[in-house]
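**Q** Below you'll find the structure I mean.
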Amino acid sequence: MRILVVEDEHKIANSIKKGLEQESYAVDIAYDGVQGFDLASTEDYDIVILDLLLPGMDGLAVCKRLRDENIHTPILMLTAKGELHDKVEGFSGGADDYLVKPFAFEELIARVRALTRRPRNRLNSVLSYGDLSVNTLTFEVKRGKTLCRLSKKEFSLLEYLLRHPDIVLSKEQIIAHVWDYDADILPNTVEVYIGYLRNKIDKPFPKKPRLIRTRRGFGYQIGRER
């Protein structure tokens with residue numbers, strides 16, 4: 001899953017990015033409101049973590065403009081203010097949740113997970129297709145009763161595929177959700193990681209149906225042979 005962090009304090013922004021990447025999220029950073037709005041309105045994110053006090057354009061203005069343009073990416077608002085009227089203002093501007101600085105990173109992760117589990121996006125902590133199951137909280141992947149050990153990037157790719165079962169996803173869509181904006185992506189990067197997944201999800205189970213499929217000229221999907 002891909003997250004945008006809009007925070008002008010570089011130390012805080014980089015700390016959030018590092019922590020989220022350790023949880024297998026792909027993370028981009030914007031250090032001011034204008035850049036944050038530009039990224040949030042042109043790139044495809046699963047969540048935006050948005051500071052309220054930003055140079056160029058404050059977080060409330062960013063939030064309102066995104067909603068005005070019919071962009072409904074979940075927004076977690078960060079602020080050093082804790083008064084009730086600030087929270088009300090943030091929610092009225094379209095924010096989905098609110099976290100007051102300073103905060104424990106564990107609480108931030110809990111809020112992020114809660115937002116990704118909302119029914120609007122049909123997101124669950126346990127994803128499955130046939131006998132393949134993925135727990136997005138414990139990072140446990142199983143084919144039947146057999147544990148499959150994946151790298152962080154392999155896990156992120158498999159999670160994205162499982163959140164769109166039977167749907168063909170293009171390389172561009174996969175890159176947009178699984179890799180950071182500044183990641184050095186080669187033309188065959190997606191193919192390479194699809195190969196890694198097949199080696200762990202399909203090839204060790206020759207008597208079971210292949211689940212990771214290539215639709216030549218279109219992309220990849222989790223799906224059974226028709």
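The values are calculated or read from the model by the stated rules, or taken from the named source; none is laboratory data. Because the structure is a prediction, the values reported are computed rather than measured. Virtual Cβ from ideal backbone geometry, glycine too; neighbours counted across all protein chains shown.
**Q** Can you tell me which residue is surrounded by the fewest Cβ atoms within 10 Å (Cβ to Cβ) among those in segment 131-190 that are hydroxyl-bearing (Ser, Thr, Tyr) and in a helix (DSSP H, G or I)?
**A** In this case the residue turns out to be Thr189.
**Q** Just to be sure, is Pro204 assigned to a loop (DSSP other than H, G, I, E, B), under 24 Å from Val126 (Cα atoms) and either in contact with a strand residue (DSSP E or B) (Cβ under 9 Å, 6 or more places away or on another chain) or β-branched (Val, Ile, Thr) (or both)?
**A** For Pro204, the condition - assigned to a loop (DSSP other than H, G, I, E, B), under 24 Å from Val126 (Cα atoms) and either in contact with a strand residue (DSSP E or B) (Cβ under 9 Å, 6 or more places away or on another chain) or β-branched (Val, Ile, Thr) (or both) - is met.
Residues are listed down the side, and each one gets a yes or a no for (1) of a type in the set (S, T, N, Q); (2) at pLDDT 85 or above; (3) farther than 20 Å from Leu66 by Cβ:
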{"site": "Phe91", "(1), (2), (3)": "no, no, no"}
{"site": "Asp97", "(1), (2), (3)": "no, yes, no"}
{"site": "Phe105", "(1), (2), (3)": "no, yes, yes"}
{"site": "Ile109", "(1), (2), (3)": "no, yes, yes"}
{"site": "Arg113", "(1), (2), (3)": "no, yes, yes"}
{"site": "Arg118", "(1), (2), (3)": "no, no, no"}
{"site": "Asn124", "(1), (2), (3)": "yes, no, yes"}
{"site": "Asn135", "(1), (2), (3)": "yes, yes, yes"}
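**Q** Right, here's the next one. Can you work out which of the residues in segment 1-49 that are part of a helix (DSSP H, G or I) and of a type in the set (Lys, Arg) is surrounded by the most Cβ atoms within 10 Å (Cβ to Cβ)?
**A** Within segment 1-49, the match that is surrounded by the most Cβ atoms within 10 Å (Cβ to Cβ) is Lys17.
**Q** Conditions first: (1) without any contact (Cβ under 8 Å) to a residue 40 or more places away in the chain; (2) closer than 29 Å to Asp38 by Cβ. Ile194 passes all but one, so which condition is the exception?
**A** Of (1) without any contact (Cβ under 8 Å) to a residue 40 or more places away in the chain; (2) closer than 29 Å to Asp38 by Cβ, only one is false for Ile194: (2).
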